[in-house]
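See below for the structure under consideration.
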Amino acid sequence: MKATVIRRERFAAAHRLFNPDWDDEKNREVFGKCSWKNYHGHNYLLEVRVTGNIDPMTGFVMNLSELKQIIRRVLEDFDHKNLNLDVPEFKDLQPSTENLARILWNRLRNLIPEKFDLEIYLEETENNAVIFNGEL
Ligand code: NI
């Protein structure tokens, strides 16, 4: 018997979307306000969805307090950080919600046992969000 358990955590981070191969006008045209040179922030909502068998001994798929600790450990490198400057994966990568979701998924995947399927939902604003489950 399978089920999906969900844990939400919130974090804040700054970023700037900018393609150095384009001039300022083209960057503004494509990225709008997100291209502002002095960065801007978002309050992100990360929803981590873990699917697996319900353990008959606990009645749980996964202990959510364990999952909470894993997520918080991962988010230590992102919360109140500048994604462009503080997160090495973004050195040459656009800190879009899509790419942030991929990186968070990879970090989480390393800490969540392989027997579970993992999907994340990452909200940048209340209207914009990305789902990533590791499929390439
Ligand atoms: Ni932005």
- Query: What about residue 64, is it surrounded by fewer than 16 Cβ atoms within 10 Å (Cβ to Cβ) and hydrophobic (A, V, I, L, M, F, W, C)?
  - Reply: yes
- Message: Whether any residue in segment 41-49 is open to solvent by 50 Å² or more (accessible area, probe 1.4 Å) and among the aliphatic types (A, V, I, L, M) is what I want to check.
- Response: no
- What are the residues in segment 5-35 that are open to solvent by 40 Å² or more (accessible area, probe 1.4 Å), within 12 Å of residue 84 (Cβ to Cβ) and in contact (Cβ under 8 Å) with a residue 12 or more places away in the chain, if any? 16, 18
- Applying the selection to segment 81-128, what residues are open to solvent by 30 Å² or more (accessible area, probe 1.4 Å), within 16 Å of the ligand (Cβ to nearest atom) and in contact (Cβ under 8 Å) with a residue 60 or more places away in the chain? 81, 84, 94, 123, 125
- In segment 1-51, what residues are near the ligand (Cβ under 10 Å from one of its atoms) and assigned to a loop (DSSP other than H, G, I, E, B)? 16, 17, 36, 39
- Of the residues in segment 71-80, how many are touching a strand residue (DSSP E or B) at 6+ places or on another chain (Cβ under 7 Å) and crowded, with 18+ Cβ neighbours inside 10 Å? 3
- Query: Which numbered condition trips up residue 39, out of (1) on the phi < 0 side of the Ramachandran plot; (2) under 20 Å from the mean Cα position of the chain (by Cα)?
  - Reply: (1)
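For segment 76-95, give me each residue that is of a type in the set (D, E, K, R) and outside any helix (DSSP H, G or I).
Matches in segment 76-95: 76, 77, 79, 81, 91, 92.
The values are calculated or read from the model by the stated rules, or taken from the named source; none is laboratory data. None of these values were measured; they are calculated from a predicted model. Neighbour counts are summed over all protein chains in view; Cβ atoms, including those assigned to glycine, are modelled from backbone coordinates with ideal geometry. In case anyone asks, the SASA skips ligands and DNA or RNA and just uses the protein heavy atoms, side chains included. Shrake-Rupley method; radii C 1.70, N 1.55, O 1.52, S 1.80 Å.
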